[in-house]
Amino acid sequence: MLHSDFCRIFAAVMNRRTGSVIDIPGQPSSSHDKRSAKRDLQRQRLMENKVYQTMEGLTRYMDRYYLDALIGIIPGWGDAIAVVSAVPFVYFALRVIKSIPLTLAILNNTLRDVLLGMIPFFVGDIIDIFHRANTKNMAMVKGFVDGDESIIREVRQRAWQSAVILVVLLMLIALMIWVLITFGSYLYRIITNAIL
């Protein structure tokens, strides 16, 4: 029998007899330490997840290097790529963390980014530089992974608000698409009439 095994058995026997807590080197000594160790292990497992690493890369390139604003210069494509870049965040929130309020908050940030990016004449692209939806989404995800009670509480309290805003944003995006198509066809008619 190894020395460490003997120490564990002896400590367990002494704990039962005396009711006292004896620290075993290398082992969590209380239920708080055990919970903390379990939380740290779960946090490490989540951070090693491929989707989590993908989200960190998307945040770095899309927001910190302003790729979101640069791609937004291409009409339609920038907004489509902004939506596609939110897919890992939604998947991680819904399937890995299993939080509907977090998923609603992520969708809320993403649709705000899309709506702001749709503003024509490069105004939306300039706003995209400052909005940084992926950074906000990553901060919320990190708050959930780290167990930050203030972020978790705030996201949960705003869940209904996020759901209502989500519906409003979807309607505004549909309206913005209609306005842009109408305005584009109006400009096309003006240009074709001026040429003929």
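The values are calculated or read from the model by the stated rules, or taken from the named source; none is laboratory data. Please read these numbers as outputs of a predicted model, since none were measured by experiment. Note: ideal-geometry Cβ built from the backbone for every residue, glycine included; neighbour counts use all protein chains shown.
Miscellaneous remarks
- Looking across the stretch 141-196, the residues that are touching a helix residue (DSSP H, G or I) at 6+ places or on another chain (Cβ under 9 Å) and of a type in the set (Lys, Arg) come down to Lys142, Arg156, Arg158.
- Subset of the stretch 111-138 (residues that are within 12 Å of the chain's Cα centre (by Cα), part of a helix (DSSP H, G or I) and within 14 Å of Ala69 (Cα to Cα)): Ala133, Asn134, Thr135
- Filtered by the rule that a residue be under 15 Å from Ala93 (Cα atoms) and of a type in the set (Lys, Arg), the stretch 130-152 gives Lys136, Lys142.
- Which numbered condition Val90 misses (of (1) closer than 21 Å to Thr54 by Cβ; (2) modelled with pLDDT under 95; (3) part of a helix (DSSP H, G or I); (4) not polar (S, T, N, Q)): (2)
- Scanning the stretch 50-69 for residues that are surrounded by 14 or more Cβ atoms within 10 Å (Cβ to Cβ) and either closer than 17 Å to Arg95 by Cα or within 11 Å of the chain's Cα centre (by Cα) (or both) gives Val51, Tyr52, Thr54, Met55, Glu56, Leu58, Thr59.
- Options Ala69, Ala37: the member that is part of a helix (DSSP H, G or I), among the aliphatic types (A, V, I, L, M) and free of Cβ contacts under 8 Å to residues at least 24 places away in the same chain: Ala37
- Residue selection: Lys34 fails the criterion of being more than 12 Å from the chain's Cα centre (by Cα), among the charged types (D, E, K, R) and surrounded by fewer than 12 Cβ atoms within 10 Å (Cβ to Cβ).
- Annotation note: Cβ proximity below 7 Å between a residue of the stretch 79-100 that is free of Cβ contacts under 8 Å to residues at least 40 places away in the same chain and a residue that is among the hydrophobic types (A, V, I, L, M, F, W, C) and part of a helix (DSSP H, G or I) (sequence gap 6+ or interchain) occurs for Asp79/Val114; Ile81/Ile71; Val83/Val114; Pro88/Val51; Pro88/Met55; Pro88/Leu58; Val90/Ile106; Val90/Leu107.
- Scan of the stretch 139-167 for residues that are assigned to a loop (DSSP other than H, G, I, E, B) and exposed (fewer than 14 other Cβ atoms within 10 Å of the Cβ), ordered by number: Gly147
- Exactly one residue out of Thr103, Thr110 is surrounded by 23 or more Cβ atoms within 10 Å (Cβ to Cβ), out of contact with any strand residue (DSSP E or B) (no Cβ under 8 Å at 6 or more places or on another chain) and among the β-branched types (Val, Ile, Thr): that is Thr110.
- Scanning the stretch 70-89 for residues that are farther than 16 Å from Gly143 by Cβ and under 12 Å from the mean Cα position of the chain (by Cα), we see that the one that is surrounded by the fewest Cβ atoms within 10 Å (Cβ to Cβ) is Val87.
Listed here are the residues, each with its yes/no results for (1) assigned to a helix (DSSP H, G or I); (2) at pLDDT 85 or above.
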position: Cys7; (1), (2): yes, no
position: Arg16; (1), (2): yes, no
position: Ile24; (1), (2): no, no
position: Gln27; (1), (2): no, no
position: Thr54; (1), (2): yes, yes
position: Arg95; (1), (2): yes, yes
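- Scanning the stretch 144-173 for residues that are closer than 22 Å to Val83 by Cα and without any contact (Cβ under 8 Å) to a residue 24 or more places away in the chain gives Trp160, Gln161, Val164, Val167, Val168, Met171.
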